[in-house]
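The values are calculated or read from the model by the stated rules, or taken from the named source; none is laboratory data. Quantities reported herein were computed from a predicted structural model and do not represent experimental measurements. Methodologically, a virtual Cβ is constructed for each residue, glycine included, from the backbone with ideal geometry; neighbour enumeration extends over all protein chains shown.
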Amino acid sequence: MLAEEERERVCIVLVRARNPNNIGAVARAMHDFGFRDLRLVSDYPVALHDARSAVDATEVLAGAREHTSVAEAVADCHLVVGTTAAGRRVLEHPLYPVAEGSGLLRATLAGGGRVALLFGSEKTGLSREELSHCNWIMTIPMFQRDGMRHPSMNLGQAAAVCLYELVRSGSGPSQDIDIDVATAADLERLTERMTEMLDASGNPAHPETYVRELVRRMHLNREDATAWMGILRKVLWKLRR
């Protein structure tokens, strides 16, 4: 089981969730498994007072924080994990079943890191741009018949399964995690600076989404991220002269 201090370093991020009752169901799952940090990413305020499904989870809803971007919502996190129904989508990230992925999450928590678990829109899931903020992706294995995957779970069910796997006793951390890993905010600043450098060169070869994914595949610690920022600033200064 996760310690209370470790649970406090887990945040659930709902991206473009529109149905207040689905948000309430996620809040209830969080309450039932001992989590409190709920973050919402939306272009407009969410009517949380309509979340009638949040039985006994009013404290979770009351503490929910609203953000206008994924980058802002996960800025303080060392590991950002997206969730997907997968299916036949072409994925740009490593994909782990929830039981294996939960072990990696626990390893980060054991090392003192903060983790974010992202859930996308009820209809479309997480977009390519939203997934570009993730280190890797987790999926819940679903029943298949004749090679066809069963439709995805609703938001509350998916959150409950992921949180149960995260807290259940059994497999411990599956690998050592560098506790000095760069935060999402460090990596986003590096992404912005690298994109600026490409633009300044007059030949922006890749969109920002690709650059963000590339930066995350580098697995930088904070010292290395700072060093790269210094290098890119010098290159930018030279290009702009």
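Entry remark, region 188-241: residues being in a helix (DSSP H, G or I), touching a Leu at 6+ places or on another chain (Cβ under 7 Å) and surrounded by fewer than 13 Cβ atoms within 10 Å (Cβ to Cβ) number 0 in total. Within region 1-23, residues that are within 18 Å of Val80 (Cα to Cα) reach partners that are of a type in the set (Lys, Arg) and outside any helix (DSSP H, G or I) with beta carbons closer than 6 Å, at six or more positions or on different chains, in the pairs Arg9/Arg114; Cys11/Arg39; Val13/Arg39.
The rows are residues; the columns are (1) over 24 Å from Trp237 (Cα atoms); (2) at pLDDT 80 or above; (3) not hydroxyl-bearing (Ser, Thr, Tyr).
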| site | (1), (2), (3) |
| --- | --- |
| Val167 | yes, yes, yes |
| Ser171 | yes, no, no |
| Gln175 | yes, no, yes |
| Ile179 | yes, no, yes |
| Ala185 | no, yes, yes |
| Arg189 | no, yes, yes |
| Met197 | no, yes, yes |
| Ala205 | no, no, yes |
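Of all residues in region 193-207, those satisfying the criterion of being out of contact with any Lys or Arg (no Cβ under 9 Å at 6 or more places or on another chain) and without any contact (Cβ under 8 Å) to a residue 24 or more places away in the chain are Leu198, Asp199, Gly202, Asn203, Pro204, Ala205, His206, Pro207.
Considering His93, His133, the condition of being under 10 Å from the mean Cα position of the chain (by Cα), touching a residue at least 60 places away in the same chain (Cβ under 8 Å) and surrounded by 16 or more Cβ atoms within 10 Å (Cβ to Cβ) is satisfied by His133 alone.
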